[in-house]
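The values are calculated or read from the model by the stated rules, or taken from the named source; none is laboratory data. These numbers come from a predicted model, not from an experiment. Note that each Cβ is placed from the backbone with ideal geometry, even for glycine, and that neighbours are counted across all protein chains shown. Ligands, DNA and RNA are excluded from the accessible area calculation, which covers all protein heavy atoms including side chains. Shrake-Rupley method; radii C 1.70, N 1.55, O 1.52, S 1.80 Å.
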Amino acid sequence: MEQKLLLVYTGGTIGMVKDKDTGVLMPFDFDHLLAQIPQLESIEAQIDAISVPQPKDSADMEPKDWQFLGKLIYSKFMQYDGFVVLHGTDTMSYTASALSFMFTNLKKPIIFTGSQLPVGDIRTDALENVLTAIQIALLNENGAPSVNEVGVYFDSQLFRGNRSTKISSDRFKAFASPNFPALVTSGVSLKVNEPVLLKPNFNKATKFSEAIVDKVFLLKIHPGITQQMLEQLCETVDFDVLILETYGSGTIFNADWLPILLEKLLKNGKNIINCSQCISGVVKQGIYEGSERLKSLGIISAKGMTTEATVTKAMCLLGQKKDKNEFKMHFEANFSGEMY
């Protein structure tokens, strides 16, 4: 039986063209984008292509767009063997991470890709990214998909979606997965890293939940933060989860007023997460005095999670209406391969 794949366009550089007068990149017709990739016709599978009603620059993507995309894919889940999502690069890892938490026991591939240059550019990276992402999404063994998770494919490597992060704005190697190996590497052939792939339970159904609450605030810790700054922030910003992006292995500055402020937030029902600013490595609360205070307060550890995964996982858990204790327990548990 011929395989079927759905190609979904959400926006981004891949589907843009330069305005002749201003040089600014502007979206163009999705059908024109498909016409720029005639190689699609040579792939031995039925490829259907659709666009979301209002394609966006990925910088404009919001949680409601993740919900729309997830619902769209889930509504067509039984009709296709795999899905490839064309997405802008700036927030691709956020969207991929969000979908990895919205789907449970995923039994088909959802592969995100895009490009640094528009598809019509003479040096575009779009063709290789799109065509290889499709090939990966169509990989199967004994009639079952080889990849059963949300991934980000870029410049010859497929990364787990919730392990990926954008590392460059001007290189073709725009994404990395610092704390986890690539799932698939593309060369003359596709090399699948079988041992690290998620293994679904094929006897159980894939489930989808669109529940997201976006009352999450990300604060990058930096030298010079004062008590007045943090107190005013906590009084004026409406959040249920505060993510502290700390130094190194989860260290924060020592100040007598800081644990008092954090404890007050905790008593008021807020969840606080410790996530490292470093691109690689793991939060290990208690190694240094600064993080020992956080550990003693019961601050949640993001361990080796990316910032993108930390933010989106928190939003999804809030959507599930977990109480404070449940939130901590579920956040620190591995849900879809995002943690060690």
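Table for the structure above
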read-out: Scan of the stretch 157-172 for residues that are in a helix (DSSP H, G or I) and either more than 14 Å from the chain's Cα centre (by Cα) or charged (D, E, K, R) (or both), ordered by number; value: ARG163
read-out: Some residue of the stretch 8-23 being surrounded by 12 or more Cβ atoms within 10 Å (Cβ to Cβ), touching a residue at least 40 places away in the same chain (Cβ under 8 Å), in contact with a Leu (Cβ under 6 Å, 6 or more places away or on another chain) and not in a strand (DSSP E or B); value: yes
read-out: Residue within the stretch 152-161 that is acidic (Asp, Glu), touching a residue at least 60 places away in the same chain (Cβ under 8 Å) and either closer than 25 Å to SER249 by Cβ or open to solvent by less than 60 Å² (accessible area, probe 1.4 Å) (or both) present; value: no
read-out: Any hit, the stretch 65-72, residues being open to solvent by 70 Å² or more (accessible area, probe 1.4 Å) and in a helix (DSSP H, G or I); value: yes
read-out: Test for PHE101: is it without any contact (Cβ under 8 Å) to a residue 24 or more places away in the chain and out of contact with any Pro (no Cβ under 7 Å at 6 or more places or on another chain); value: no
read-out: Of all residues making up the stretch 82-96, the number that are open to solvent by less than 10 Å² (accessible area, probe 1.4 Å), part of a loop (DSSP other than H, G, I, E, B) and in contact with a strand residue (DSSP E or B) (Cβ under 8 Å, 6 or more places away or on another chain); value: 1
read-out: Residue tally, condition in contact with a strand residue (DSSP E or B) (Cβ under 9 Å, 6 or more places away or on another chain) and either in a loop (DSSP other than H, G, I, E, B) or of a type in the set (Val, Ile, Thr) (or both), over the stretch 135-156; value: 10
read-out: Cross-chain or 6+ apart pairs with Cβ under 6 Å, the stretch 53-81 first and of a type in the set (A, V, I, L, M), then surrounded by 20 or more Cβ atoms within 10 Å (Cβ to Cβ); value: MET61/THR91; ILE73/PHE83
read-out: Residue, surrounded by the most Cβ atoms within 10 Å (Cβ to Cβ), within the stretch 201-233, restricted to residues that are over 30 Å from SER100 (Cβ atoms) and touching a Phe, Trp or Tyr at 6+ places or on another chain (Cβ under 9 Å); value: LEU230
read-out: Selection count, the stretch 236-258, where residues are within 20 Å of LYS324 (Cα to Cα) and either hydroxyl-bearing (Ser, Thr, Tyr) or modelled with pLDDT under 95 (or both); value: 2
read-out: Search result, residues across the stretch 101-119 that are open to solvent by 10 Å² or more (accessible area, probe 1.4 Å), of a type in the set (S, T, N, Q) and within 21 Å of ASN148 (Cβ to Cβ); value: THR104, ASN105
read-out: Residue in the stretch 8-20 that is of a type in the set (D, E, K, R), modelled with pLDDT under 75 and more than 23 Å from PHE172 (Cβ to Cβ) present; value: yes
read-out: Qualifying residue in the stretch 129-139 (condition: under 30 Å from VAL17 (Cα atoms) and within 17 Å of the chain's Cα centre (by Cα)); value: yes
